[in-house]
Amino acid sequence: MKLGSLKSGRDGRLVVVSRDLAWCADAAHIAPTLQAALDNWTYVAPQLQLLATDLAHEAIPMMRFHERQAAAPLPRAYQWADGSAYVNHVQLVRQARGAEMPESFWTDPLMYQGASDEMLGPRDPIPLADESWGCDFEAEVVVVTGDVPRGVTREQALQHILLVGLVNDVSLRNLIPAELAKGFGFLQSKPASALSPVLVTPDELGDRWRGGKLHGPLKVDLNGQPFGRADAGVDMTFDFGTLVAHLAKTRNLAAGSIVGSGTVSNRGADGGPGKPIAQGGLGYSCIAEVRTVETIIEGQPSTGFLARGDIVRISMDDDHGHPIFGTIEQTVVAG
């Protein structure tokens, strides 16, 4: 089933959404918010599934689902932890600045604790106070967990993944170096991220969800032009079971924890850096990666970061060419 939140108060109003994303049904009589549903998932999920079935058969009152009226499915979450599962992306970035990558990066996931007190809706603008900060998008896959006990194995962790979706993890690239140099991680360089209009249960994804990975091209368009079509199931060094288990190694995870994959990134057909779509490649899921490739090949980057007025679109289509999770579409505006 597909779940979303309409804009209402701080935490939205839970709705069940049809498979084609055209219609939705109010689920407030079952759980007022998605977080409330996740808090009592074993009891609530079967009721939501029955509501989804009734919606599919048009047996209940329903209303049009407009993505512009949708909040993030979780407008604020107890936790947002972002991994870097596509080590190809990390390797390229370090290569561009002449830094050697430790071998442990291939066996021990990178992860940082993000801010989740505000998750942007799928059509909310990206506020940017200063273009010199180097604003970038990062197209990623996310999962949402139920309660996860400390010390779970990868296999156990997979059983605690309740929902799958997409995220635009906005980054301010030119603020990152100074923050990392302090040795305490990201803070100002990681503003609010935007979630896809709906989150989807793994069973709804069929064969696209296997091995703890979401398989299929992640579509990224910038100002109406194709920018990235990397396959999320390819070159993913750490699957989501591994990422969740890594996060839960020393702590319990609360229901509603969001875990990100990091920027989706594919190697080129020759095993080297990927190529732009215009050159027959699969493109990129963030601007930083194309700038990295330009630096490796040409000695310096030529692609600029986002400017006010730029429009970013992120989605993933099903086998019929329809968005599975809806579309994240954001315009950069003065902050």
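For the range 27-83, would you read off the P(r) tail past 18 Å as a percentage of all alpha carbon pairs? Here the long-distance tail beyond 18 Å is 47 percent of all Cα pairs in the range 27-83.
The helix-based estimate of mean residue ellipticity at 222 nm for the chain, built from -39,500 (n - 2.57) per DSSP H run of four or more residues and divided by its residue count, is -5500 deg cm²/dmol to the nearest 500.
Once all protein chains are placed together, ASP239 keeps about 20 Å² accessible to a 1.4 angstrom probe.
In a fully extended conformation the segment linking HIS57 and THR107 would gain 13.3 nm over its present Cα-Cα distance, using 0.36 nm per residue.
Once backbone amide H atoms are built at 1.01 Å from N, LEU163 has VAL144 as its partners under 5 Å, excluding neighbours fewer than 5 places away on the same chain. The slack in the chain from ALA178 to THR250, taken as 0.36 nm per residue of separation less the alpha-carbon distance, amounts to 23.0 nm.
Within the range 299-316, name every residue whose backbone N is under 11 Å away from a label modeled 7 Å from Cα of GLN95 along the Cβ vector. Counting backbone N atoms under 11 Å from the label point, the list is empty. Quick check: at a probe of 1.4 Å, how many percent of the accessible area of the chain sits on carbon and sulfur atoms? The value for the chain is 51 percent carbon and sulfur by accessible area. Quick one: which of LYS2/LYS249; LYS190/LYS219; LYS7/LYS190; LYS213/LYS249 span more than 28 angstrom between C-alpha atoms? Those over the limit are LYS2/LYS249.
Take every Cα pair under 8 Å whose residues are at least 6 apart in sequence, average their separation, divide by the length of the chain, and the relative contact order is 22 percent. Every pair of different Cα atoms in the range 245-318 enters the Kirkwood calculation, which places the hydrodynamic radius at 15.3 Å. With 29 Å as the cut-off, how large is the P(r) tail for the chain, expressed as percent of Cα-Cα pairs? Roughly 34 percent, rounded to a whole number. Accessible area per residue for the chain, computed on protein heavy atoms with a 1.4 Å probe, is 44 Å².
Based on every Cα atom in the range 1-108, Rg and the maximum pairwise Cα distance Dmax equal 19.7, 61 Å. Ranked from largest to smallest solvent-accessible area, with a 1.4 Å probe on the protein heavy atoms, LEU50, LEU158, LEU282 come out as LEU50, LEU282, LEU158. Based on every Cα atom in the range 81-235, Rg and the maximum pairwise Cα distance Dmax equal 16.6, 45 Å. Take the alpha-carbon centre of the range 247-305, take the same for the range 192-241, and report the distance between them in whole Å. About 13 Å separates the Cα centre of the range 247-305 from the one of the range 192-241.
Extent of the range 67-152 along its three principal axes (Cα atoms, max minus min coordinate, largest first): 45, 42, 19 Å.
Counted residue by residue at 0.36 nm each, then reduced by the alpha carbon distance between them, the extension gain from ARG154 to LEU187 reaches 9.0 nm.
The values are calculated or read from the model by the stated rules, or taken from the named source; none is laboratory data. Since this is a predicted model, take the numbers as computed values, not measurements. Positions of Cβ are backbone-derived with ideal geometry, glycine not excepted, and every protein chain shown enters the neighbour counts. Ligands, DNA and RNA are excluded from the accessible area calculation, which covers all protein heavy atoms including side chains. Shrake-Rupley method; radii C 1.70, N 1.55, O 1.52, S 1.80 Å.
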